[in-house]
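> Handing you this structure, nothing more for now.
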Amino acid sequence: MNWLFCFLLLSSPLAATPLIKEMRVEKNRIITLPSDSFQKIATAKKPHVVVYDDPSIDLRELDSSITIMPFLFDVIGSIFRSGQTYTVDALDEDLYESLKRLRSTFQRFYPNTSWDGDILPKELICHRYEFPKERALALFSGGVDASYTALTNLHRDLTLLTFIGQNDSKTAPQLKILREARESPPFNRLSAAEAYSKGAFYIRRNAPLHHSKDISCWGIEAIADLHWIGTTLPLMVLYQIPNLLIGSSEALDCPYKSASSPQFKADFSFGYQIQIPVDDAYVSRIEKTNVVANHFKENCPPHRRNLKVCFDPSGKNCSHCLKCLRTINDLYILGYDPVEFGFKTSRKEAKLLFSENLKTIFKLDKNIWKWEGYFFYTTLEHIQKNHLTKKNAYAKWFYNLLIDHPIIKKYPSISRSNDHIQGRRLAGDDAFSAQAALAKEKTADGEALHNLARRLAKADSYACC
């Protein structure tokens with residue numbers, strides 16, 4: 001097959017534009033300088049730098065089809081968006097096929113944007129890894145999505161990875177707890193997971209930012225989790241880990257699309273083994289909150305139950321920002337006391353703060369309020385499905401406050417019938433079926449993607465407020 005690529009490169013002038021001017025791989029650092037042509041569409045002219053601050057790492061062992069990944073996945077959306085064909089020295093054969101699926105997903109998500117650009121390798125390298133199938137690397141931020149992902153994947157040989165420099169104050173306390181857990185098994189089942197806190201300390205990005213009719217925030221909608229995939233890939237090869245777990249608040253039925261959507265993760269494959277299981281594709285944030293809170297309450301002593309969801313530099317939850325209030329509301333609705341999980345707000349204070357935030361929500365950036373609206377909607381859906389307005393006073397207050405709010409009217413009407421809810425969720429399955437089938441086929445234990453997550457997410461009892 002390689003001779004065909006050489007022929008294409010020689011016969012097509014468009015394919016002769018290099019993507020990279022120079023890539024230098026040091027022991028624990030990759031420095032990539034984009035070509036002059038690509039720099040014309042880049043927002044930054046400096047090199048793209050990734051530093052892995054771990055003395056055991058030696059990136060020089062890896063070939064260029066692996067070391068290109070941190071840079072490539074920061075800019076792959078820009079390559080597709082550029083309308084040009086760029087060449088690189090080498091790509092993994094399996095990855096090259098998955099890039100075709102990735103571009104198709106971009107086209108489906110953002111049909112009013114042109115995705116005619118392409119990348120053409122001078123050489124395809126066939127990696128056929130046979131890493132231990134039970135191993136998994138989970139990105140861990142300390143929040144609800146990350147904690148849920150860790151808890152529901154303890155059947156794997158799990159390693160937790162935090163990107164230092166990415167919300168340091170929020171993740172550091174959680175990682176400290178996890179490190180202590182290995183020496184204190186009574187903590188909870190997370191003691192079975194290794195808390196790997198080194199990670200990528202420093203990333204200087206050279207990712208172009210674009211806007212179009214479909215895309216208002218390029219970083220969220222066209223980079224997001226693709227960035228983490230590219231940055232972690234060299235670590236996964238070095239440590240022989242075939243599964244990357246990225247917790248995300250977006251379920252499959254989310255009306256807003258981004259590069260964190262389950263479809264993008266299911267598109268990815270490298271070395272005919274490295275993949276991204278999408279076990280949480282059918283699980284809402286409030287369902288995840290219930291799983292995590294229930295586990296912490298049943299298995300952790302009080303001083304070990306903190307959920308870290310806030311960006312406050314103190315490392316604690318401020319308890320009044322929208323991010324904190326989102327989790328506080330869910331905990332009260334589920335029948336838990338948020339004070340037990342690191343928050344400092346009473347029911348009365350939470351209601352007042354949330355009501356005030358709601359009055360000004362449309363003054364926020366659209367990329368903030370539209371996602372908050374999605375979370376509110378899934379919470380209302382959960383309240384209705386489980387008839388919580390009859391069981392929980394806080395749930396009734398939340399439901400009545402939001403059911404006629406303009407931010408909710410942007411979504412389909414909430415019917416009293418559970419058939420509507422199930423129908424809406426199942427309607428999203430068609431667009432996902434091909435990717436889900438591919439990921440399911442490659443899942444180590446062969447289970448259906450969402451069975452484990454749904455089983456753990458079931459909630460059959462709620463305390464009354």
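The values are calculated or read from the model by the stated rules, or taken from the named source; none is laboratory data. From a predicted model like this one, the values you see are computed outputs, not experimental measurements. Positions of Cβ are generated from backbone atoms using ideal geometry, with glycine treated the same way; all protein chains shown enter the neighbour counts.
> Could you pull out the residue among Leu358, Leu325, Leu352 that is free of Cβ contacts under 8 Å to residues at least 12 places away in the same chain and assigned to a helix (DSSP H, G or I)? Walk me through it before giving the result.
Numbers: Leu358 fails: free of Cβ contacts under 8 Å to residues at least 12 places away in the same chain; Leu325 fails: free of Cβ contacts under 8 Å to residues at least 12 places away in the same chain.
Leu352 is the lone residue from the list that is free of Cβ contacts under 8 Å to residues at least 12 places away in the same chain and assigned to a helix (DSSP H, G or I).
> When Ala136 is evaluated against the numbered criteria (1) out of contact with any Lys or Arg (no Cβ under 6 Å at 6 or more places or on another chain); (2) buried (at least 22 other Cβ atoms within 10 Å of the Cβ); (3) closer than 20 Å to Leu226 by Cα, which criterion, by number, is the only one it fails?
Just one mismatch for Ala136, condition (1).
> Give the residues of region 105-143 that are within 13 Å of Ile76 (Cβ to Cβ) and in a helix (DSSP H, G or I), sorted by residue number.
Listed by number, the residues that qualify are Thr105, Phe106.
> Another question, then. Condition check: hydrophobic (A, V, I, L, M, F, W, C) and crowded, with 24+ Cβ neighbours inside 10 Å. Does Val75 satisfy that?
It is true that Val75 is hydrophobic (A, V, I, L, M, F, W, C) and crowded, with 24+ Cβ neighbours inside 10 Å.
> Pick from region 328-349 the residues that are free of Cβ contacts under 8 Å to residues at least 60 places away in the same chain and either basic (Lys, Arg) or assigned to a loop (DSSP other than H, G, I, E, B) (or both): which of them is nearest to Asn400 (Cα to Cα)?
Once the filter is applied, the top-ranked residue is Lys348.
> While we're looking at this one, here's another question. Among what's in region 40-55 and is surrounded by 15 or more Cβ atoms within 10 Å (Cβ to Cβ) and in contact with a strand residue (DSSP E or B) (Cβ under 8 Å, 6 or more places away or on another chain), pick the residue that is modelled with the lowest pLDDT.
Among them, the one singled out is Ala42.
> Being under 20 Å from the mean Cα position of the chain (by Cα) and either in a loop (DSSP other than H, G, I, E, B) or within 25 Å of Arg135 (Cα to Cα) (or both) is the filter here; which residues of region 290-310 pass it?
Val291, Val292, Leu307, Lys308, Val309, Cys310 - these are the residues of region 290-310 that are under 20 Å from the mean Cα position of the chain (by Cα) and either in a loop (DSSP other than H, G, I, E, B) or within 25 Å of Arg135 (Cα to Cα) (or both).
> Restricting region 266-320 to residues that are charged (D, E, K, R) and under 25 Å from Asp225 (Cβ atoms), which is surrounded by the fewest Cβ atoms within 10 Å (Cβ to Cβ)?
Restricting attention to region 266-320, the residues satisfying the condition of being charged (D, E, K, R) are 267, 279-280, 285, 287-288, 297-298, 304-305, 308, 312, 316.
The next check asks that each one be under 25 Å from Asp225 (Cβ atoms); those that pass are 267, 279-280, 285, 287-288, 308, 312.
On the way: Asp267: 25, Asp279: 24, Asp280: 31, Arg285: 23, Glu287: 23, Lys288: 27, Lys308: 26, Asp312: 18.
Out of the qualifying residues, it is Asp312.
> For region 89-97, state whether one or more residues are assigned to a strand (DSSP E or B), aromatic (Phe, Trp, Tyr), more than 20 Å from Ser248 (Cα to Cα) and touching a residue at least 12 places away in the same chain (Cβ under 8 Å).
no
> If a residue must be assigned to a loop (DSSP other than H, G, I, E, B) and either in contact with a Leu (Cβ under 7 Å, 6 or more places away or on another chain) or at pLDDT 95 or above (or both), how many such residues does region 56-79 contain?
Pass one, region 56-79, residues assigned to a loop (DSSP other than H, G, I, E, B): 56-58, 62-63, 68.
This time we only want the ones that are either in contact with a Leu (Cβ under 7 Å, 6 or more places away or on another chain) or at pLDDT 95 or above (or both), so: 57, 62-63, 68.
Matching residues across region 56-79 total 4.
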